[in-house]
1. Just checking, does the range B:4-25 include any residue being modelled with pLDDT of 85 or more, buried (at least 20 other Cβ atoms within 10 Å of the Cβ) and either part of a strand (DSSP E or B) or more than 11 Å from chain A (Cβ to nearest Cβ) (or both)?
2. Which of the residues that make up the range A:216-233 are at pLDDT 75 or above, in a loop (DSSP other than H, G, I, E, B) and either more than 17 Å from B:Gln84 (Cα to Cα) or among the charged types (D, E, K, R) (or both)?
3. Tell me which residues, restricted to the range B:185-196, are part of a loop (DSSP other than H, G, I, E, B) and touching a residue at least 12 places away in the same chain (Cβ under 8 Å).
4. Out of curiosity, is B:Gln84 under 22 Å from B:Asp129 (Cα atoms), polar (S, T, N, Q), outside any strand (DSSP E or B) and touching a Gly at 6+ places or on another chain (Cβ under 8 Å)?
5. For the range B:95-184, which strands (runs of 3 or more DSSP E) that fit wholly inside it have 3 or more residues that are surrounded by fewer than 20 Cβ atoms within 10 Å (Cβ to Cβ)?
6. Scan B:Lys41, B:Lys34, B:Lys89, B:Lys62 and give me the residue that is free of Cβ contacts under 8 Å to residues at least 24 places away in the same chain, of a type in the set (Lys, Arg) and farther than 23 Å from B:Glu138 by Cβ.
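The values are calculated or read from the model by the stated rules, or taken from the named source; none is laboratory data. Given the structure is predicted, the values throughout are model-derived calculations rather than measurements. Ideal geometry is used to build each Cβ from the backbone, glycine not excepted, and the neighbour counts take in all protein chains shown.
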Amino acid sequence: MLIELLFKLRNARIPVSITEYLAMLDGLNHGVANYSIDDFYHFSRMCLIKDERHFDRFDKVFGDYVNGLQNLFDEVIGDIPEEWLRLEAERLFSEEEKKEVEALGGWDKIMETLRERMEEQKDRHQGGSKWIGTGGTSPFGANGYNPAGVRIGQKSGRHGRAIKVWDKREYKNLDSERELGTRNFKMALRKLRRFAREGAQDQFDMNGTIDATARNAGLLDIKMAAERRNAIKVLLLFDVGGSMDYHVAVSEELFSAARSEFKHLEYYYFHNFVYEKLWKDNRRRHNETLSTEEFIRTYAADYRVIIVGDATMSPYEITAPGGSVEHWNEEAGAVWINRILEKFPHAAWLNPEPAAYWSRVPSVKITHELMQERMYGLTVDGIGKAIDGLKRKR
Amino acid sequence: MTKKFESTDNYIATEDLALAVNAAITLGRPLLIKGEPGTGKTQLAEEVARSLAAPLYRWHIKSTTKAQQGLYEYDAVSRLRDSQLGDEKVHDIANYIIKGKLWEAFEEEQLSVLLIDEIDKADIEFPNDLLLEIDKMEFHVYETRETVVAKHRPLVIITSNNEKELPDAFLRRCFFHYIKFPDAETMEKIVEVHFPSIKKDLLAAALNAFFAIREVQGIKKKPSTSELLDWLKLLLADEIPADALHADESGSIIPKLHGALLKNEQDVHLFERLVFLNKRKQ
């Protein structure tokens, strides 16, 4: 019966394995969580789900699953003859409760109301809304409708709390598919680290040599090891302003996090496209600028240049002198980017816009060509590819 | 099963957390604990060990920790030195095997608790290197050709701060519990456990201020339970009356001694700016 739950979870793209499923059954066998649905919820979650990002999806599936069981229950209970219920009720009700029932208009009246409510409930359910969440507030909620629970007329619901844990959806914010969260960030960081750790030279490994020599009973055994920190130097150019700000913030954090892996890391900003000026502090962009010429002169050719921008603008802003939206530029952006690429052969452009749109926007196409096809998406994959490209000797 | 873990006199465990710990004990599986910093992940292991009267082995992981160090280390350098000095010990390699935390826990005759703290700090391969050891609770010592098997499966509690993804194969062998930030009710219990003599009104005022700070948009590092407890300690030490904490109508007051709650310069600035804006509105 629980197999259904397993497959429902897998359909919701939650990676649940057989091992975990068996572990859950093992636990149930040992009586870890057999006596309440809340315990079962917590226990099954801890067995099957290994990542808080999946909690929200699990809650949904679990709610669905439990609802399914409840529906089954309703189908069965619909056929129970009224006499049976009445007898059962008379057996279970105390004198006081019976009086209360009388006060509410007698048993028949109540059964009638109950039936009406049941009809209503069915209609509502067919309408597609969830009713388990409200089960606690109605005196005739499905939860109250069993022999032990026929406390009709009581003010509060049988369960005391109306909303089930899994209906609260407390873990919504942790779901990875919802938004670009820390997960992508971390994966990207890992790619960057790989970039920084490779391409190393061999050097003498003191500890390894001593260790190997000792193991070798004193015969010298020289070990070489790869240098851990390499000499990768990075220049980052960010397009700031407007829609890019969010992406800039993310990529800035990304590269700062990887900062310790680089020998040098410098940031510069530009707006829309690279012209004759760059700046370091976005708040003082009009006063403290660095001419791009000087930028090219300052840094050695072995720096890797990574440009982050959406490259979405009017094509004239790239190809024509005076095309910039902000100032009069004597020379076209294309000229400037070519100068940069001439000096720094290792370069890549990261674009936060989805790659599918690139071919439709002329300015992106132009930039892609100017970059000699080295434009990559600002995604984990894209960063990986960009790094591979930057590592290649040119 | 004889012993069960539940809230102790200085640690409040929610029902689901207690269930998780007990299930892990019953089934002898490791328990992976995640959650916001400061929600008592590491403390859990200590409290479990104490309430079950079980010995606790702490293995704190750093970025340089290797899985092998938890099992044993072969001290080759000492052996080399001893061989130069002609020490008799050198003939038995077992003299140079140093037991790791895992080995120590495996030797325990009764239930023990092994804490692997901040597993995410280690190298990416680290959890993979412990798969068999965690699963079968045994490992092989290559140098002496012996196999160490746990006499009594220890309760392994692993904490992670999410700095790295853990491999699937490793996760599959663990139970997982996410300690979520306590709600106001649980928080009250936690505080009561730590400061039984705290005045009701001061506590209520402090908790209000605390949750209000947590809700301020844009705060970089939200204050956590442990920070709240520190703050209360300061408030108590200074004997600050409860009404000093009550926000006026607009909620515009910087709580006294806020340094214990806000650990980030930018957050303090942000907070002060908000308060300033609020005051101007009046």
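1. no
2. A:Asp221, A:Ile222, A:Lys223
3. Of everything in the range B:185-196, just one residue is part of a loop (DSSP other than H, G, I, E, B) and touching a residue at least 12 places away in the same chain (Cβ under 8 Å), namely B:Phe195.
4. Details: under 22 Å from B:Asp129 (Cα atoms): no; polar (S, T, N, Q): yes; outside any strand (DSSP E or B): yes; touching a Gly at 6+ places or on another chain (Cβ under 8 Å): yes.
Against the criterion (under 22 Å from B:Asp129 (Cα atoms), polar (S, T, N, Q), outside any strand (DSSP E or B) and touching a Gly at 6+ places or on another chain (Cβ under 8 Å)), B:Gln84 does not qualify.
5. B:97-99, B:138-141, B:146-149
6. B:Lys89
Residues checked against (1) aliphatic (A, V, I, L, M); (2) surrounded by fewer than 15 Cβ atoms within 10 Å (Cβ to Cβ):
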| position | (1), (2) |
| --- | --- |
| A:Glu288 | no, yes |
| A:Thr312 | no, no |
| A:Glu317 | no, no |
| A:Ser324 | no, no |
| A:Glu331 | no, yes |
| A:His346 | no, no |
| A:Leu370 | yes, no |
| A:Glu373 | no, yes |
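Each row is one residue, and each column tells you yes or no for (1) modelled with pLDDT of 85 or more; (2) assigned to a helix (DSSP H, G or I); (3) among the β-branched types (Val, Ile, Thr).
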{"position": "A:Leu290", "(1), (2), (3)": "no, no, no"}
{"position": "A:Ala311", "(1), (2), (3)": "no, no, no"}
{"position": "A:Trp328", "(1), (2), (3)": "no, no, no"}
{"position": "A:Glu331", "(1), (2), (3)": "yes, no, no"}
{"position": "A:Val335", "(1), (2), (3)": "yes, yes, yes"}
{"position": "A:Ala348", "(1), (2), (3)": "yes, no, no"}
{"position": "A:Glu369", "(1), (2), (3)": "yes, yes, no"}
{"position": "A:Ala386", "(1), (2), (3)": "no, yes, no"}
